[in-house]
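Report on the following structure.
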Amino acid sequence: ARSGWKPRKVAFSRNLGITPVDPEVAKVVEAAARRFEDAGVIVEEAHPDLSEAHECFQVQRALAFATGMKPLLDAHRDKLKPEVIWNIEKGLALTADDVVKADHQRAAMFQRTLAFFDDYDLLLTPATIVSPYPVEQRYVEQCDGHTFDTYIDWLAIVYAITNVCAPALSIPAGFTAEDLPVGIQIIGRPNCDGQVLAGGKLLESVLNLSGMV
């Protein structure tokens with residue numbers, strides 16, 4: 001983070017092309033991303049093709065749940081949340097073809113992401129698609145007029161990045177009109193964690209939000 005490295009060109013995406021985002025959150029994050037220009041960095045709107053992220057992640061998450069949690073389901077079903085039960089059972093119902101397809105999708109997205117980072121040093125997106133919501137709410141069911149099919153769909157803006165093994169961090173980007181915090185996700189090329197940290201430090205210094213918290 002103290003290396004002094006500075007990106008030459010970064011990409012900004014409101015939604016990675018795969019998810020709704022609350023308009024106010026998108027506005028706050030874009031304003032923060034554009035502040036990279038104050039440091040002489042080129043900022044363009046772009047993102048890699050992650051169109052298979054939903055299908056791929058759903059399968060790979062379900063497989064992990066079934067592999068790791070089936071004994072819990074068998075012994076303690078009454079103690080599990082309905083969402084967890086659903087996810088384990090989804091994994092148990094997968095076919096070999098489902099798993100192979102998801103592996104191929106992940107590999108394809110990974111290669112496209114590597115190619116994307118040949119042109120851009122960092123990718124900037126919202127860290128979450130909504131501002132903080134009531135603690136009583138189990139998960140985000142709707143956003144910007146879109147109703148999600150499952151309890152994890154609202155996390156696509158981050159799980160798509162997990163799928164392609166890219167390092168990422170989140171720092172404060174600003175606040176909504178109701179003074180709720182909004183985060184910006186800073187994403188780098190796989191195995192380039194140091195650039196993510198250095199880019200985060202640079203943007204954090206430009207935004208200088210410490211006095212507003």
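The values are calculated or read from the model by the stated rules, or taken from the named source; none is laboratory data. These numbers were taken from a predicted model, which means no experiment stands behind them. All Cβ positions, glycine included, derive from the backbone under ideal geometry; neighbour counts span all protein chains shown. Ligands, DNA and RNA are excluded from the accessible area calculation, which covers all protein heavy atoms including side chains. Shrake-Rupley method; radii C 1.70, N 1.55, O 1.52, S 1.80 Å.
What is the distance in Å between the Cα centroid of the stretch 37-84 and that of the stretch 111-174?
Measuring centre to centre over Cα atoms gives 10 Å.
Here is the link list: K9/K201; K70/K101; K6/K201. Which ones come out longer than 20 Å on Cα distance?
Details: K9/K201 16 Å; K70/K101 23 Å; K6/K201 10 Å.
Over 20 Å Cα-Cα: K70/K101.
Given the C-alpha atoms of the stretch 155-213, compute the convex hull and give its volume per residue in Å³. All intermediate terms of the calculation are to be shown ahead of the outcome.
Working: hull volume 4.4 nm³, N = 59.
Each residue corresponds to 74 Å³ of Cα convex hull volume.
Given the alpha-carbon gyration tensor of the stretch 106-203, what are the semi-axes of its equivalent ellipsoid in whole angstrom, ordered largest first, with each equal to the square root of 5 times an eigenvalue? Before the final figure, lay out the partial values.
Values: eigenvalues 136, 69, 19 Å².
Here the semi-axes work out to 26, 19, 10 Å.
How much net charge surrounds S131 when only the other residues with a Cβ under 10 Å from the Cβ of S131 are counted, with Lys and Arg +1 and Asp and Glu -1?
On the way: positive: none; negative: D22, E24, E178, D179.
Taking every Cβ under 10 Å from that of S131, the sum is -4.
Normalized C-alpha radius of gyration of the chain, against 2.2 N^0.38 Å? Intermediate results must be reported in sequence, preceding the final value.
Numbers: Rg = 18.5 Å, N = 213, 2.2 N^0.38 = 16.9 Å.
It is 1.10.
Could you pull out the GluC sites (Glu not before Pro) across the stretch 120-181 that fall in loop regions by DSSP (anything but H, G, I, E, B) with no more than 10 other Cβ atoms inside 10 Å?
Working: sites: E136, E141, E178; in loops: E136, E141, E178.
Within the stretch 120-181, the qualifying GluC sites (Glu not before Pro) (loop, at most 10 other Cβ atoms within 10 Å) are E136, E178.
Can you send over the solvent-accessible area of Y159, 1.4 Å probe, protein chains only, in Å² to the nearest 10?
Accessible surface of Y159 is approximately 10 Å².
Computed over the Cα atoms of the stretch 15-77, what is the convex hull's projected area averaged over all directions, in nm²? Each step should come with its number before you reach the end.
On the way: hull surface 28.1 nm².
Projected over every direction and averaged, the Cα hull of the stretch 15-77 covers 7.0 nm².
Starting from the residue with the highest accessible area, list W86, W5 in decreasing order, probe 1.4 Å.
Details: W86 95, W5 70 Å².
Result of the area sort, largest leading: W86, W5.
Where in the chain is the longest stretch that carries no trypsin sites (Lys or Arg not before Pro) classed as loop by DSSP and with at most 12 other Cβ atoms within 10 Å? Display every interim value, and only then the final one.
Details: sites that count: R2, R8, R138.
The reported range is 9-137.
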